[in-house]
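For reference, the structure discussed in these notes is given below.
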Amino acid sequence: MRKTNKKKVIICGITGQDGSYLAELLLKKNYEVHGIVRRSSNDNFIRINHLLNRITLHFGDVLDSLSLLKIISEVKPDEVYNLAAQSQVYIGFDIPEYTSNVTGLGALRLLECIKLVNKNIKYFQAVSSEIFGDTKDCPQNESTQLNPKNPYGISKMYAYQMTKSYRDSYNMFACNGILYNHESPRRSENFVTRKITKAIAKIIAKEQNELFLGNIDDKRDWGYAKDYVEAMYLMLQQDKPDDYIISTGEIHSVRDFLDVAFKLVNLDWHKYVKINQNLVRPLDHRNVIFQGDNSKAKKNLNWKPKTSFNELVKLMVESDLKEKGINL
């Protein structure tokens, strides 16, 4: 490896939404950025194509401890961000073992490798509001009881607890970021927000005339992924490691998202959206509102979300329209 005075970072999950935004941020901070990518027959670097000449990619996998140990030993990073996960809640019900292995045990493997190589490496673990399960507390804060109800949430709770355990047991600088829903034009099309904005672009382009959705009354605390990676970075710049909820503190329903998104293109969503009960996820009928209390992050990290809900929706609609050669 070439010698450098730059801080070095490893991002697990660099090809994903959050990983790509985090890589951009850390490059601006003058980091030497390394990413771990899985070797597959269908490598998808679309979110980081514009960064490939400025970052270093390593083939590895959070399922393979030896690959992680080798990469961490060679790179000798100052910081490691674990954003790797099987992150689809509903898919977790279909492949619970894989979800647990990647999302839960993957964090354990990284923590153990860092402990073996250099306990001074700072570690960030991405967690999810799903760890709170069917909580009746609203909004939730860092002291809210954990009670996850699906394989994804249970796996994230395992990663969360392991991060705390390694911090306490080995005096490691390890932080959990409890991230509420965060979207962007780089969001996977499997998520409802991007499904909506992609459908709008196709409707305008006369390629689609119906959009099938499940529970449109489901409420979420939606933020902008680009804002949230700044909070991740700030956590690892503090004097002491800690855990933080990263959220907007506001809630909106899928119906609200439809209202704002379709209004931007002067369409009535009621004419296009069809409800399909087969798209309603298990546990979707819980009377739970995931709303995060971000006051600790505001106070200790001096962080707050910069992008409003309406601005986020507009960013996503504009981006998908642009792909079709259409201006908003």
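When Ser253 is tested against (1) among the small types (Gly, Ala, Ser); (2) within 13 Å of the chain's Cα centre (by Cα); (3) surrounded by fewer than 17 Cβ atoms within 10 Å (Cβ to Cβ), just one condition goes unmet, and that condition is (2). Checked against the criterion of being surrounded by 20 or more Cβ atoms within 10 Å (Cβ to Cβ), under 19 Å from the mean Cα position of the chain (by Cα) and aromatic (Phe, Trp, Tyr), region 122-130 contains one or more residues that satisfy it. Scanning region 224-248 for residues that are part of a loop (DSSP other than H, G, I, E, B) and touching a helix residue (DSSP H, G or I) at 6+ places or on another chain (Cβ under 8 Å) yields Gln238, Pro241, Asp242, Asp243, Ser247, Thr248.
If I filter region 150-186 down to residues being basic (Lys, Arg) and surrounded by fewer than 23 Cβ atoms within 10 Å (Cβ to Cβ), which single residue comes out as nearest to Gly133 (Cα to Cα)? Checked region 150-186; the qualifying residue nearest to Gly133 (Cα to Cα) is Lys164.
Considering region 150-180, and only residues there that are of a type in the set (S, T, N, Q) and touching a residue at least 40 places away in the same chain (Cβ under 8 Å), the residue that is farthest from Pro305 (Cα to Cα) turns out to be Asn171.
Of all residues in region 60-90, those satisfying the criterion of being within 15 Å of Cys12 (Cβ to Cβ) and either of a type in the set (S, T, N, Q) or at pLDDT below 95 (or both) are Ser65, Ser67, Asn82, Ala84, Ala85, Gln86, Ser87.
Is it fair to say Gly104 is within 29 Å of Thr193 (Cβ to Cβ) and buried (at least 16 other Cβ atoms within 10 Å of the Cβ)? When the stated conditions are applied, Gly104 passes them. Residues of region 174-197 that are of a type in the set (D, E, K, R) and under 11 Å from Gln17 (Cβ atoms): Glu183, Arg186, Arg187, Arg194.
Does Leu258 satisfy the condition of being among the aliphatic types (A, V, I, L, M), in a loop (DSSP other than H, G, I, E, B) and either closer than 15 Å to Arg194 by Cβ or modelled with pLDDT of 95 or more (or both)? So Leu258 does not fit the description; no. Scanning region 150-184 for residues that are in contact with a helix residue (DSSP H, G or I) (Cβ under 9 Å, 6 or more places away or on another chain), more than 19 Å from Ile246 (Cβ to Cβ) and not in a helix (DSSP H, G or I) gives Asn150, Met172.
Residue count for region 291-321 under the criterion of being of a type outside the set (Ser, Thr, Tyr) and outside any helix (DSSP H, G or I): the result is 10.
The values are calculated or read from the model by the stated rules, or taken from the named source; none is laboratory data. Because the structure is a prediction, the values reported are computed rather than measured. Note that we place each Cβ from the backbone using ideal geometry, even for glycine, and neighbour counts take in every protein chain shown.
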